[in-house]
Amino acid sequence: MVSAIRHKTNELQIDLENEEIILLGHSSESAGKLLRGTVTLNLTEPMKIKSVTLSFIGKMKVSWSEGIGHHQHYHKQEKDIIEHRWQFVPIMDQAHKKAFTLGAGQHKWDFELLLPGDLPQSLQAEGGQVTYRLKAIVERTAFLQNIVKKQTVLIVRCMLPSEFELIQTLEIHNTWAEKMMYDILIPSKVYARGQLIPITFHITPIATKLRVRSLTGTLKEYCTYTANDCSKTDTRIIKLQRAEDPFPTNQPNSSAPVSWSKVLQLDIPPMSSQLAFCDADNEMIRIRHKLKFIICLVNADGHLSELRCSVPVIIISSISQQTELNTLPAYDQTWRTVLCMESPMATPDIEDPPDLATTSTYTETTTTSSSTVPISMVTSGAMAMPDDPVATSPTGDPLWWNGANLSRVPSYRTAAQQESAPFSTSLPSYDQLSVSPRHAAMFEQLSITPRPST
């Protein structure tokens, strides 16, 4: 009996050409992608049905509670992002019929939908979700159960090749007066889930009997949820790595300056883990990450000093998704690129300040237990500073580039936004092309019509 029931089971399935839809660039700059697939219905015997439909639905929702007991408030909001529906059966010329009979065997219906480029990426966070789903329904006649199949669609957003500054090395370099010179390096601003972040510390002591007590690197996550004009921000430490007494205390007698180096490895949780989320930025969910560094020093008199700083980083889904980005877009698709972005800057770690405007060199002060220390961050690549004088011509008029740094290559989108150079709409005739300019001038003086050469 069981085998007979299984033999008569009808199967409905959704097959997608790509289960992951990769959108390139920021939502305001990204092009759309085509969602394409097939709905397949396998019948072991003829079946009467009323309709066969497929729907694609995208939803965004956030929810959280605040307070305790009677003072507890529950915040929730849900929004439809996108919705589209296909109807395969009945077709237009059969709309007057109430039921249709599909024969035994396999029935296939192809579908496709151009997804807009401003869709938020899929997300499953603690306080909010962004989900996309396909739902196929075979509606049967009265008193018979419908056949339903659901399929999740993953939408991922990746950076564009024009954002090349995101993958350049970041270096925090400065001198703590009368204490030490230090460099903190990370190889990139962008990292994938499951990847290691190597943090390199280079320290050259200046003060005598100075000792590094510990080096700490922390990856911190900030999730902000918004529902009905109310917001909540959750902060958590994703990964922390600390090295106690990382450098030897007894230095050999030598006139050469002492230099210490240490590398800390922070591993980002993989995609299968819920211990970390990817960066997101939409009207209801915003997720950001920061790398924070602490250098704890023991001075000659025994008191402790700490140097703290932080830089923003971007966490993406998978580094394998960058393979599609290795090919530059065609010239007729330059609108798919984004403007060049400035490099991030180091910020002093004082009560987790908000992200600041980017610049090539930044100087700020950070409070230590013993003094106030200036820190600066230097990034590779030349960039124009806001205080740079605007270039002018000998007559005193600003030049066409308005003081922009020409050592930086513009993105495709930047180039596409420039006004195109005017071209002549009239082309020379064959007779004009067949005669050199010198001979043409001579013929014009002699009032002789030139004859094309053969």
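Of all residues assigned to region 239-247, none qualifies as being aliphatic (A, V, I, L, M) and not in a strand (DSSP E or B). Of the strands (runs of 3 or more DSSP E) lying entirely inside region 65-147, those containing at least 1 residues that are farther than 24 Å from Thr40 by Cα and free of Cβ contacts under 8 Å to residues at least 40 places away in the same chain are 73-89.
Scan region 203-239 residue by residue and report those that are free of Cβ contacts under 8 Å to residues at least 60 places away in the same chain, over 30 Å from Glu178 (Cβ atoms) and in contact with a strand residue (DSSP E or B) (Cβ under 8 Å, 6 or more places away or on another chain). Once the filter is applied, which keeps residues that are free of Cβ contacts under 8 Å to residues at least 60 places away in the same chain, over 30 Å from Glu178 (Cβ atoms) and in contact with a strand residue (DSSP E or B) (Cβ under 8 Å, 6 or more places away or on another chain), region 203-239 yields Ser231, Thr233, Arg236, Ile237, Ile238, Lys239. When every residue of region 97-114 is checked against the conditions, at least one turns out to be touching a helix residue (DSSP H, G or I) at 6+ places or on another chain (Cβ under 9 Å) and either at pLDDT 90 or above or of a type outside the set (Asp, Glu) (or both).
Residue pairs whose Cβ atoms lie under 8 Å apart, sitting 6 or more positions apart in sequence or on different chains, and linking a residue in region 7-28 that is of a type in the set (A, V, I, L, M, F, W, C) to a partner that is open to solvent by 80 Å² or more (accessible area, probe 1.4 Å) and in a loop (DSSP other than H, G, I, E, B), do not occur here. Looking at (1) farther than 26 Å from Asn228 by Cα; (2) surrounded by 12 or more Cβ atoms within 10 Å (Cβ to Cβ), can you tell me which one Gln265 breaks? Every listed condition holds for Gln265 apart from (2). Scanning region 205-238 for residues that are under 30 Å from Ser261 (Cα atoms) and part of a loop (DSSP other than H, G, I, E, B) gives Ile206, Ala207, Thr208, Lys209, Leu210. For Ser28, the conditions (1) under 23 Å from Tyr225 (Cα atoms); (2) of a type outside the set (A, V, I, L, M, F, W, C); (3) modelled with pLDDT of 90 or more; (4) not in a strand (DSSP E or B) all hold with the exception of (3).
Here is a yes/no grid of residues against (1) in contact with a strand residue (DSSP E or B) (Cβ under 7 Å, 6 or more places away or on another chain); (2) open to solvent by 10 Å² or more (accessible area, probe 1.4 Å); (3) at pLDDT 85 or above:
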| position | (1), (2), (3) |
| --- | --- |
| Phe164 | no, yes, no |
| Ile167 | yes, yes, no |
| Gly194 | no, yes, yes |
| Ile197 | yes, no, yes |
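Asn253: at pLDDT below 90 and surrounded by 13 or more Cβ atoms within 10 Å (Cβ to Cβ), yes or no? In short, no.
Of the conditions (1) at pLDDT 90 or above; (2) hydrophobic (A, V, I, L, M, F, W, C); (3) touching an Asp or Glu at 6+ places or on another chain (Cβ under 7 Å), Ile147 satisfies every one except a single condition; which number is it? Going through the list (1) at pLDDT 90 or above; (2) hydrophobic (A, V, I, L, M, F, W, C); (3) touching an Asp or Glu at 6+ places or on another chain (Cβ under 7 Å), Ile147 breaks only (3).
For region 271-284, a residue qualifies if it is open to solvent by 40 Å² or more (accessible area, probe 1.4 Å) and within 17 Å of the chain's Cα centre (by Cα), and the qualifying residues are Met271, Asp281, Glu283. Has region 36-59 got at least one residue that is among the acidic types (Asp, Glu), more than 19 Å from Asp80 (Cα to Cα) and either open to solvent by 40 Å² or more (accessible area, probe 1.4 Å) or over 24 Å from the mean Cα position of the chain (by Cα) (or both)? Scanning region 36-59 turns up at least one residue that is among the acidic types (Asp, Glu), more than 19 Å from Asp80 (Cα to Cα) and either open to solvent by 40 Å² or more (accessible area, probe 1.4 Å) or over 24 Å from the mean Cα position of the chain (by Cα) (or both).
The values are calculated or read from the model by the stated rules, or taken from the named source; none is laboratory data. All values reported here derive from a predicted model rather than from experimental measurement. Because the Cβ atoms are built from the backbone with ideal geometry, glycine has one as well, and the counts that use them run over all protein chains shown. Surface areas here come from the heavy atoms of the whole protein model, side chains and all, with no ligands, DNA or RNA. Shrake-Rupley method; radii C 1.70, N 1.55, O 1.52, S 1.80 Å.
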